[in-house]
């Protein structure tokens, strides 16, 4: 595994290519650029190991969520929001073969060798265009002769292939997202354009642009009213609950093909490890998860222990993760105060020592390598790097390439 630089004199052109040809509409966060001047190159052996681990994690995750869905009374340790506790009981008719199950597992190289997993993005993982178009673009701008030596996985092609298998040809698909956010729209626009290339009719709408009748989804968009054949949702469940659009409960028991179905909530909360003992007592192995996820505890059980950090149960893009050197002093004090006020909204996790990768000029970059699955099969990568161990909104995206043969030095 190594970082390969983009040619310095062509970085500006590379950045513009990503913006205008690869749906990277938001190339910076505040005053910080979020397009790394590197590509990540995995050896073939590293890729094969990661794909195998990803699929093993996915088997455990899907077995766990389907068991919990049959026995929602056992989900108490997840401390789901009260409004969700009522709705999950309507999901008992969930048919996994009907829907499209998309997840992304976040891997980190660790100092002692191997990998640690920080979480699964079980509900609405992003990074679609970065995992599909960015590698192809990067090959034109890298230093050295990497183009002939490397390949990549087109995540978008795999996801649209899953849609083709489960949605009638020419069907209408609603892409549900927060329509006021351009960073959400760029994800949906990429996917919508790919789906239209496959012959589907795509609608772009917010959560309340669907109603449900007889457990089927119907669009109420002006000029596009009527039944839809599939829902691809990019609005997180916990946001959906807070926004409370009319008839939002219909998402939970719909028979309309969904990606992702709300069954995703069981693993989306970072309190997921707190039900593992229950699962294993009922014959659901979580051995791969236990081998890769650092020890995770209730806040109260870690207060007197060293080496634990606090994480929010529903945090995204690294928000409110309490790594002291990655926080300002005031931010860290405010975080500790919030943990004290609302311990059930947080958890404590043993901190792993991230192994940074070295840049061209000796810089150290910490890596988060997101590894996708679609319906249980490995489906590609989305990577980000940061100068601190916390991978948050200021981290930079970089494409992932795989060596066709051999091992990198």
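Taken together, the values in this text are just the output of simple stated rules run on the coordinates, not laboratory data. Just so we're clear, the structure is a prediction, and the values are computed from it rather than from any experiment. Glycine gets a Cβ as well: all are built from the backbone with ideal geometry, and neighbour counts include every protein chain shown.
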**OP:** For segment 200-215 and segment 330-403, compute the distance between their C-alpha centroids and round to whole Å.
**Re:** 33
**OP:** Express in % the proportion of alpha carbon pairs of segment 106-179 at distances exceeding 15 Å.
**Re:** 74
Subject >> Extended-chain gain in nm, criterion 0.36 nm per residue less alpha-carbon gap, residue 92 and residue 221 >> reply: 43.5 nm
Subject >> Ellipticity estimate at 222 nm from DSSP helix runs (n ≥ 4, -39,500 (n - 2.57)) divided over the chain, nearest 500 >> reply: -8500 deg cm²/dmol
Subject >> Estimated Rh, segment 340-409: Kirkwood, alpha-carbon pairs, angstrom >> reply: 15.0
Original post:
Which length gain, in nm to one decimal place, applies between residue 361 and residue 83 when the Cα-Cα distance is subtracted from 0.36 nm times their residue separation?
Top reply: 94.9 nm
Subject >> Rotationally averaged projected area of segment 281-409 (alpha carbon convex hull; nm²) >> reply: 11.5
Subject >> All-pairs alpha carbon distance profile, segment 295-350, 10 Å steps from 0, percent >> reply: 26, 61, 13
Original post:
Relative to the present Cα-Cα distance, how much length would full extension add between residue 332 and residue 404 at 0.36 nm per residue of separation?
Top reply: 21.5 nm
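Report the per residue volume, in Å³, of the convex hull enclosing the C-alpha atoms of segment 28-131.
Working: hull volume 19.5 nm³, N = 104.
Enclosed volume per residue, from the Cα hull, is 188 Å³.
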Original post:
If you count the DSSP beta bridges with both ends in the chain, what percent of them are antiparallel, to the nearest 5?
Top reply: 75
Original post:
If you find the alpha carbon centre of segment 132-173 and of segment 1-66, how far apart are they in angstrom?
Top reply: 12
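Arranged by the count of other C-beta atoms within 10 angstrom, fewest first, what order do 68, 42 take?
Lowest count first: 42, 68.
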**OP:** Could you tell me the distance between the Cα centroids of segment 223-253 and segment 79-106, to the nearest Å?
**Re:** 13
**OP:** Determine the equivalent ellipsoid of the chain by diagonalising the alpha-carbon gyration tensor, then write out the semi-axes as square roots of 5 times the eigenvalues, largest first, rounded to whole Å.
**Re:** 32, 28, 20
